[in-house]
Amino acid sequence: MPMVPTEFAGLIVSNFAASGINGTGSVPLANAIANGIVTYLTSSPLVQTVDVGTAGAGSGLGIGVTGVVPTAVTGAIVGNLAAVNIIGTAVTPMITAVCNALSDTLSLATVTTVNTGVGVGTGVGFLIGINPGALASQMIGLAPGFGLNGTAVTPMFTGIANGIADTLNGTAIVNVVIAGPPSPSPSGGTGIGFLS
């Protein structure tokens, strides 16, 4: 199932409400975060796999990104926010709500790859190359459209992006099934792909 920004934002808002975060800025904040993250993660080839199977070239398909530990992502983001003096009693529950929603959203993401060296088989890989500056810029650029214009916008989204990149690059796991022309010869290879 593709990642859908409105569904991701809805999860964030529900998690906010469960944590007692119900302010007027909660929905715009959730929308800016969800739209920025989904737009960024689906616009670049951030998936790399190591493949085994039969010789050839195939296409991989998988559902879900695993290995996303919300508490680890939360800790990294909260640490980044504290470094820029965004602190307070609501920060950890707010970021926990975002990270739980991120984990749930990624667990349903569609993974597609182009696999060189393997025509039929399987691939296991990771998210790689998440650029925190580009991810932050995506959220910052969307913020005014959701009515977020304060001085905390840039440091907040930069802290969120840094925490996501710090914890997901090389640790978030993907699995794909590769389909293509069959061959009697065993082979290994690599795949590059996208989330959707």
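The values are calculated or read from the model by the stated rules, or taken from the named source; none is laboratory data. A quick note: this is a predicted structure, and the numbers were derived from the prediction, not measured. Ideal geometry is used to build each Cβ from the backbone, glycine not excepted, and the neighbour counts take in all protein chains shown.
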*Just a yes or no: is a residue in segment 43-51 in a helix (DSSP H, G or I), among the β-branched types (Val, Ile, Thr) and surrounded by 16 or more Cβ atoms within 10 Å (Cβ to Cβ)?*
no
*Among what's in segment 85-130 and is without any contact (Cβ under 8 Å) to a residue 60 or more places away in the chain and closer than 21 Å to Ser43 by Cα, pick the residue that is surrounded by the fewest Cβ atoms within 10 Å (Cβ to Cβ).*
Ser107
_Flag for Ile178 being buried (at least 17 other Cβ atoms within 10 Å of the Cβ), in a loop (DSSP other than H, G, I, E, B), out of contact with any Cys (no Cβ under 6 Å at 6 or more places or on another chain) and hydrophobic (A, V, I, L, M, F, W, C)_ = no
_Regarding segment 70-83, can at least one residue be identified that is free of Cβ contacts under 8 Å to residues at least 12 places away in the same chain, farther than 22 Å from Ala34 by Cβ, of a type in the set (A, V, I, L, M, F, W, C) and not in a helix (DSSP H, G or I)?_
no
_Would you confirm, using the coordinates I've provided, whether Ser59 is surrounded by fewer than 20 Cβ atoms within 10 Å (Cβ to Cβ) and not in a helix (DSSP H, G or I)?_
yes
*Answer yes or no as to whether Pro182 is more than 19 Å from Phe8 (Cα to Cα), at pLDDT below 95 and not small (Gly, Ala, Ser).*
yes
